[in-house]
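Notes follow once the structure below has been shown.
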Amino acid sequence: MCLLHSSGWLKYIFESPFIYIVIQYLLVFLQLAHRHMKIFNTPNNSITGFILLGFPCPREGQILLFVLFFIVYLLTLMGNGSIICAVRWDQRLHTPMNILLANFSFLEICYVTSTVPNMLANFLSETKVISFSGCFLQFYFFFSLGFTESFFLAVIAFDRCLAICQPLHYPTIMTGHLCINLVVSCWVLGFLWFLFPIIIISQMSFCGSRIIDHFLCDPGPLLALTCTRAPAIELTSSALSSILLFIPFLFIMGSYMLVLRAVLRVPSVAGRRKAFSTCGSHLAVVSLFYGSVMVMYVSPTSKREAGMQKIVTLFYSVVTPLINPVIYSLKNKDMKHAMKKFLGI
């Protein structure tokens, strides 16, 4: 059945296997992490916890930052949560693009939650200590969710490319079954890709200073605290990260080259404007995410640049999830109408 005329599959995604699979996967991982916590605290590791410096400043400044990021966190939850609820309850939004958008919003909620609550706690903490196991759990979830986001951006680009380049065949290609498979694949691949490297890194020996000059457990500062350097592990970690970030990026760029070629063939100016408007919001999100990530990759990792790396990481991990709901809702009339109706505006 054509996706655009089906609503049962939406209930299937939100209420049954999709959420069930993701939640069960996360629960199993957390149970295994708790059961094997002794792996993270072996006698070889003289460090049992790390100190996240975050944003050093006087006590008053810490309280001000706490209030600022707490407001940003609440607005992020409200904005992305509104999109999820609007798609869930408005029948007009039961389309592939909006279903992918709702899942992307759920991802953004998880992404910002992997860092901000701990950051807020550190603003009010005197010690700013994070446990060894807590540090690696944050490391795993932050990067897994980031990789999942790159997959979702590629899938959304694929959806837009199909809609514009193959409009007549789009309803038969982008079926409910394919949409479910794409959504589940994004989550599963994102969480499986970096699992083994994180286990290997967590079992390395750490000694000496336990201070991480960052607001989250980043692999660069972590590997710098190991007792012995492991170039092979550093190279493998960097290679896996690069592959998972830049292959989807190249796929997105290729998709939009096809879109651009198809749009330029549209005879009417109104038709070209509508096509560009459809893709504009996604291109804006891609630019924000990949722009900041690429700055991180090309910037030096010296201590002198630690402040800049914090700001850039803060942008794509906290600011971008806040801005994304605004970008998508402004470019989508049906979404704006549904959100106004949901919020009672």
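The values are calculated or read from the model by the stated rules, or taken from the named source; none is laboratory data. Quantities reported herein were computed from a predicted structural model and do not represent experimental measurements. For neighbour counting, all protein chains shown are included, and Cβ atoms are generated from backbone atoms with ideal geometry for every residue, glycine included. Surface areas here come from the heavy atoms of the whole protein model, side chains and all, with no ligands, DNA or RNA. Shrake-Rupley method; radii C 1.70, N 1.55, O 1.52, S 1.80 Å.
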Exercise for review: Sort MET204, MET253 by accessible area with a 1.4 Å probe, largest first.
Suggested key: MET253, MET204
Check your understanding: Counting alpha carbon pairs within less than 8 Å and at least 6 residues apart, what relative contact order, in whole percent, applies to the range 68-217?
Key -> 28
Point to revise | Cut-off 15 Å between beta-carbons: net charge of the residues surrounding PHE289, Lys and Arg +1, Asp and Glu -1 | key: -2
Practice item. Over the range 183-273, with every protein chain in place, what whole percent of the accessible area is carbon and sulfur at 1.4 Å, could you tell me? Key: 73
Practice item. Using 0.36 nm per residue of separation minus the Cα-Cα distance, give me the extension gain between VAL129 and ALA232 in nm, one decimal. Key: 34.2 nm
Review point. Per residue, how much accessible area does the range 142-185 have with a 1.4 Å probe, in Å²?
Key: 34
Study note, to complete from the structure: For ILE243 and VAL67, extending 7 Å from Cα along the Cα-Cβ vector and measuring point to point gives, in nm, a value of 4.8
Review point. How large, in percent, is the carbon and sulfur part of the accessible surface of the range 106-165 at a probe radius of 1.4 Å?
Key: 72
